[in-house]
Amino acid sequence: MSRRLSRREIIESCISRGLLVAATPMASSQLYALWAEPGALKPTPTEVLGPFYKKGAPNQADLRIQGDPGMPLVVSGRVVNTRGEKVPGARVALWHADDAGRYDVQGYRYRAELVVEAASEYKIRTIMPGHYDDRPAQHIHYMISAPGHKTLITQAYFATDPFFEGNPDAHFKKRNIVSHRDLVRNVVLHEKNGAAIQFDICLEKA
Amino acid sequence: MAKQIQASAGVTAVAFLPDGMLAGSCDDAKVRVWNAASGELKREFARDRGPAGLVAPGVLATVSPQSEIKLWELASGNVLRTQAGPAKTKTRSAVVSADRRVLAVSTRLDDTSEDTVHLFGAEGKQLHSAPAGIGGVAAMALSADGALFAAASYDTDVRAWNARNGELLVRVVDLPVATFTMAFSPDGRWLAAGGADRQVHLFETKTWKVAQRLKGQNEMVATLAFSPDGRRLLTGGFNDLTVKHPVEVLLWDVAGGKVLERFAMPRRVSSVAFSPDGRQGAVATSEKTVPLLNL
């Protein structure tokens, strides 16, 4: 008689055979958590805020600037809490460096503070952030706040970044920059519209 | 008179000592002390690795990776005091008042984004603690007499407390970008705060209103120091994110809000200091050369 498989082994086997498919892209750890305990999602890992947060960014979804270099990028995602509930009214502040790796601290280029509506989703059109000396992995900073929830500070990274040498599983700990593998997102490339990542946000209740 | 000090390691923070010596905290986890007039190395001693707090007159506060805080006397290299950081937290930075009576420490609980600040008295007794904002403490300052304490957070807020009774005196919420460096004037009348907006905001500590905004630095302000008489200010910083981008150290007239002089520096400035007579300045750029300025 064959050995009884663990729940994890069954899930792994199903994922590898395409039998269990996430409806929206999610990290495998999130998928395990969701399967094991319906409704109990893992909160998004935290990251450092960094020195260049700026208050008062406009609520704008299109951050591209005519004539600015950089690969077009679309970033979208859902905002939920660990119970899987939508969080309408959540404020998603995000900011990143320009193609040359510089932050605009005098103005609001590549900065937005979005308020998510009933669908609890957000989407921005921007460019791929550049690299810079102090933090050489491309990233987008996030600060997400919502009534009744802990404020989350995190960052999204790109699996295609040369920093990860084509293998983020092996290299995400390099130089102690990235706090958690789940923050490195797969990139979808569209023929006309450039790159896209999905970055879902899971908040903890306060 | 030496125009510069030559060190055998990169110097990240500088402070003059009362006896004509200059102390430098170096990136090889050593402190070196030179004769500022001749440039001769007089002493060197190993300090703990990990964050080295501001070099307050004659004292250095360090935090080890195990969150142990030490106060070092720069003149002798002796450890004045050793104490554990607050329990169950990671100690991130520490500063000490010029009179050595108050020690301020910032800490963080694992997996949170909010830092807490703690004040300790001369014997290491904890006096007060308070939340200090989201995203981490970017700068802390104690007045020379240890009566006032300020902490700036990367969420851009600046808070100041009465260090004696722990009362929150002000929470400044209208700075749009972060403050990276702060110092009280020697008489405690002003708090100077500089940061990402390339300005220095001078707060009057009686009212906590901004009395003056010093504009003229072309870089983000990463370090500042008052002259011993409180009339002048030295500022320095960095340009965007390229470490080797040339920058300037500025000498300011505080009352008039005017730039008195500009000094070219080859790369990012991390620390500036006045000599006790106010006639000389020293600049740390993480290079092995410490420029000395005639002021």
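Could you give the dipole magnitude of segment A:145-206 about its Cα centre, charging the beta-carbon of Lys and Arg +1 and that of Asp and Glu -1, in debye to the nearest 20? If you can, show how the numbers build up before the last one.
Values: 8 positive and 7 negative charges, 42 e Å.
So the magnitude is around 200 debye.
Specify the residue with the greatest mean-square fluctuation among B:K42, B:K206, B:K244, computed from a Gaussian network of chain B linking alpha-carbon atoms under 10 Å apart.
Highest fluctuation among the options: B:K206.
In whole Hz, with x marking every Gly and Pro, tabulate ³J(HN,Hα) for segment A:136-147 from phi via Karplus 6.51 cos²θ - 1.76 cosθ + 1.60, θ = phi - 60°.
With coefficients 6.51, -1.76 and 1.60, one gets x, 9, 4, 7, 10, 7, 10, 9, 10, 10, 7, x Hz.
Based only on other Cβ atoms within 10 Å, what is the fewest-to-most ordering of A:I140, A:I153? Intermediate values should be presented prior to the final figure.
Values: A:I140 23, A:I153 26.
With the sparsest Cβ surroundings first, the list reads A:I140, A:I153.
Please go through segment B:92-125 and write out the trypsin sites (Lys or Arg not before Pro) that DSSP classes as loop and that have at most 16 other C-beta atoms within 10 Å.
B:R101, B:K125
Could you tell me what fraction of 2.2 N^0.38 Å the Cα radius of gyration of segment B:167-295 comes to, as a two-decimal ratio?
1.01
Tell me what the protein assembly as shown gives for mean residue ellipticity at 222 nm when only DSSP H runs of n ≥ 4 count, each as -39,500 (n - 2.57), the sum divided by the residue total, rounded to 500 deg cm²/dmol.
-1000 deg cm²/dmol
Mind listing the long-range amide H neighbours of B:L292? Cut-off is under 5 Å, sequence gap 5 or more, other chains count too, H placed in the peptide plane at 1.01 Å from N.
The list, which skips near neighbours in sequence, is B:Q4, B:I5.
From the phi of every residue in segment B:265-282, what ³J(HN,Hα) in whole Hz does the Karplus formula 6.51 cos²θ - 1.76 cosθ + 1.60 yield, where θ is phi - 60° and glycine or proline is x?
10, x, 7, 2, 9, 10, 7, 10, 8, 9, 6, x, 8, x, 8, 10, x, 10
Bin by bin, in steps of 5 Å, what percent of the Cα pairs in chain B do you find, going until the bin that has the longest distance?
The calculated distribution, bin by bin, is 1, 6, 13, 17, 20, 19, 14, 8, 2, 0, 0.
Using the charge dipole of chain B (Lys, Arg: +1 at Cβ; Asp, Glu: -1 at Cβ; taken about the Cα centre), state which of B:G230, B:G136, B:I69 has its Cα farthest towards the positive end.
B:G230
Normalised radius of gyration for the protein assembly as shown, please: alpha carbon Rg relative to 2.2 N^0.38 Å, two decimal places.
1.06
What is the distance in Å between the Cα centroid of segment B:170-184 and that of segment A:68-137?
25
How many nm separate the modelled label positions at A:Q66 and A:N176, each set 7 Å beyond the Cα in the direction of the Cβ?
Label at A:Q66, label at A:N176, 4.7 nm between them.
Ranked by Cβ crowding within 10 angstrom, fewest neighbours first, how are B:R47, B:R262 ordered? Intermediate values should be presented prior to the final figure.
On the way: B:R47 20, B:R262 13.
Going from least to most buried by this count: B:R262, B:R47.
³J(HN,Hα) across segment B:7-13 via Karplus (A = 6.51, B = -1.76, C = 1.60, θ = phi - 60°), whole Hz, x for Gly/Pro?
Running phi through 6.51 cos²θ - 1.76 cosθ + 1.60 with θ = phi - 60° gives 10, 9, 8, x, 9, 10, 8 Hz.
In the structure shown, do any of A:K42/B:K90; B:K3/B:K244; A:K55/B:K209; B:K42/B:K258; A:K54/A:K123 have a Cα-Cα gap over 27 Å, and if so which?
Values: A:K42/B:K90 24 Å; B:K3/B:K244 21 Å; A:K55/B:K209 20 Å; B:K42/B:K258 37 Å; A:K54/A:K123 20 Å.
Exceeds cut-off: B:K42/B:K258.
FYI, it's all coordinate maths here, none of it is from the lab. This is a predicted model, so every value here is computed, not measured. Every residue, glycine among them, receives a Cβ derived from its backbone with ideal geometry; neighbour counts consider all protein chains shown.
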